[in-house]
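What follows is a single structure, written as structure tokens, with notes after it.
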Amino acid sequence: MSTSAKIGAAAVARSRAVDVSPYWVGAGIGVLSWAAFAIAKDPLGVTGPLSRFGQPVAAPILGADAVAGNAYWSPMPFSWDYGVLFLVGMVAGAFVCSVATGTFRLEFMPRFWRERFGPSLTKRALAAFFGGAALMYGARLAGGCTSGHGISGGLQLALSSWVFLIVIFATALVVSRLVFGRGRGARA
Amino acid sequence: MMAYATFLLPLAMGFAFGWLLHRGRVTNFEVIEGQFCLKDFTMLKVMLPAIVVGGIGVFALVDLGEAKYYVKDANLLAVVLGAVIFGVALVFYGYCPGTGLAAAATGSLHALLGVVGMVFGAVVYAISFDWVKAHILPVWSFGKVRIPEATGAPDLVWFALLALGAIVLFFIVEGRRPSAS
């Protein structure tokens, strides 16, 4: 077979092999949002309720009074309410899905990270911990994360949410280019 | 009914969300990093349909009086600063908060460490909140603005533009040859 015929055949095979599942998953999250707005009366969101786990953690260090009187936390004292139970459900849903599809696996270090930063677990652990901390700080400052701003706010055509989405995307593209370099992209 | 509304409903909603995130493979470190290297568009393939499908449905529900909007304040200095911090952290952690939590549940131990970090970040935010509230939140504060009202173009025009943009993007992405890396 000639080279061009091979490329042509490969293109046909690829178009048949287009994985449509991410689109359906996205549409599914959209439908889930209908229920979140109409039935639960609480748009999908993660960092708001997750930030409240900081209260029991901070109480022994800062003192219970300081936590209760904190201007950020006082409107939303920790309890097992909708937002917190939603997170419990998320953990269960992702876990059951991974077991059901045979994709549960313990991962200490992603392959793509090791290729760029080497095998040091300490390095990965520090990046994950402080990355997580900065992610939460940025999300709370902005008023939401990829779920609360990105999806729930984006679908409401909220100005704040679209500014957030565009700025995180632009920032991450630049930082990714600086950190991982051109052409060395991650492939799943 | 009481137990359903207060207990089972949030668990079921969360269960579906966690399931979908993992099923859509956005709990995978390489998938998120691949998006910002422009090598893997799974993240946008999930997000854009979620926004368009979700948005049109919620728009109809609001129109019918079955739902209301929960628009977040456009404190634009805070939103921009927060988004820059978030964007940098996203590349180093490799997950956003929701996908990180879900990834931890599927066995990713470094994602779990990031969740612990997120709780730490919440404590730092709470401690700094008085200062942030006084100095950052009031700057460029426009309130609960929606783009249709701000621009005068109706909701459905925006959703049509978004859907069109998404279709063009995905058409290009799906048609392109996988790079040799």
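A few notes on this one:
- Being at the interface with chain B (Cβ under 9 Å from one of its Cβ atoms), within 25 Å of B:LYS72 (Cβ to Cβ) and surrounded by 15 or more Cβ atoms within 10 Å (Cβ to Cβ) is not true of A:VAL96.
- Hey, A:PHE86 of a type outside the set (Asp, Glu), surrounded by 15 or more Cβ atoms within 10 Å (Cβ to Cβ) and under 14 Å from the mean Cα position of the chain (by Cα) or not: no
- Residues being of a type in the set (A, V, I, L, M), in contact with a helix residue (DSSP H, G or I) (Cβ under 8 Å, 6 or more places away or on another chain) and within 14 Å of A:ASP19 (Cβ to Cβ) are represented in the range B:22-38 by at least one member.
- Among the residues of the range A:24-68, those that are touching a residue at least 24 places away in the same chain (Cβ under 8 Å) and more than 7 Å from chain B (Cβ to nearest Cβ) comprise A:ASP42, A:GLY45, A:GLY48, A:PRO49, A:ARG52.
- Qualifying positions in the range B:95-117 - more than 7 Å from chain A (Cβ to nearest Cβ) and among the hydroxyl-bearing types (Ser, Thr, Tyr): B:TYR95, B:THR99
- A:ARG124 under 29 Å from B:GLY57 (Cα atoms), basic (Lys, Arg), crowded, with 17+ Cβ neighbours inside 10 Å and under 19 Å from the mean Cα position of the chain (by Cα): no
- Taken over the range B:1-40, the criterion of being in a loop (DSSP other than H, G, I, E, B) and among the hydroxyl-bearing types (Ser, Thr, Tyr) is satisfied by B:THR27 alone.
- Boolean, B:ALA111 is touching a Cys at 6+ places or on another chain (Cβ under 9 Å) and at pLDDT 95 or above: no
- Where A:ALA36 falls short, out of the listed (1) modelled with pLDDT under 95; (2) crowded, with 17+ Cβ neighbours inside 10 Å: (1)
- Helices (runs of 4 or more DSSP H) lying entirely in the range B:75-181 (those with 2 or more residues that are free of Cβ contacts under 8 Å to residues at least 24 places away in the same chain, out of contact with any helix residue (DSSP H, G or I) (no Cβ under 8 Å at 6 or more places or on another chain) and of a type in the set (Phe, Trp, Tyr)): B:109-135
- Residue check, A:SER161 under 18 Å from the mean Cα position of the chain (by Cα), part of a helix (DSSP H, G or I), in contact (Cβ under 8 Å) with a residue 60 or more places away in the chain and farther than 22 Å from B:PHE120 by Cβ: no
- The criterion of being surrounded by fewer than 16 Cβ atoms within 10 Å (Cβ to Cβ) and aromatic (Phe, Trp, Tyr) holds for A:TRP80.
- A:VAL18 meets the conditions (1) under 30 Å from B:GLU174 (Cβ atoms); (2) within 7 Å of another protein chain (Cβ to nearest Cβ); (3) modelled with pLDDT of 90 or more in every case but one. The failed one is (3).
- Any hit, the range B:158-169, residues being surrounded by 14 or more Cβ atoms within 10 Å (Cβ to Cβ), at the interface with chain A (Cβ under 7 Å from one of its Cβ atoms) and at negative phi: yes
- For A:PRO119: the one exception among (1) touching a strand residue (DSSP E or B) at 6+ places or on another chain (Cβ under 8 Å); (2) surrounded by fewer than 16 Cβ atoms within 10 Å (Cβ to Cβ): (1)
- Residue among A:GLY83, A:GLY144 that is touching a Gly at 6+ places or on another chain (Cβ under 8 Å), in contact (Cβ under 8 Å) with a residue 24 or more places away in the chain, more than 7 Å from chain B (Cβ to nearest Cβ) and of a type outside the set (Ser, Thr, Tyr): A:GLY83
- Lone qualifier among B:PHE92, B:PHE120 - being among the hydrophobic types (A, V, I, L, M, F, W, C), closer than 28 Å to A:SER74 by Cα and at the interface with another protein chain (Cβ under 7 Å from one of its Cβ atoms): B:PHE120
- Test: residue in the range A:24-37 that is of a type in the set (A, V, I, L, M), assigned to a loop (DSSP other than H, G, I, E, B) and within 18 Å of the chain's Cα centre (by Cα): no
- Restricting the range B:140-155 to residues that are more than 8 Å from chain A (Cβ to nearest Cβ) and not small (Gly, Ala, Ser), the residue that is farthest from B:VAL52 (Cα to Cα): B:TRP140
The values are calculated or read from the model by the stated rules, or taken from the named source; none is laboratory data. From a predicted model like this one, the values you see are computed outputs, not experimental measurements. Ideal geometry is used to build each Cβ from the backbone, glycine not excepted, and the neighbour counts take in all protein chains shown.
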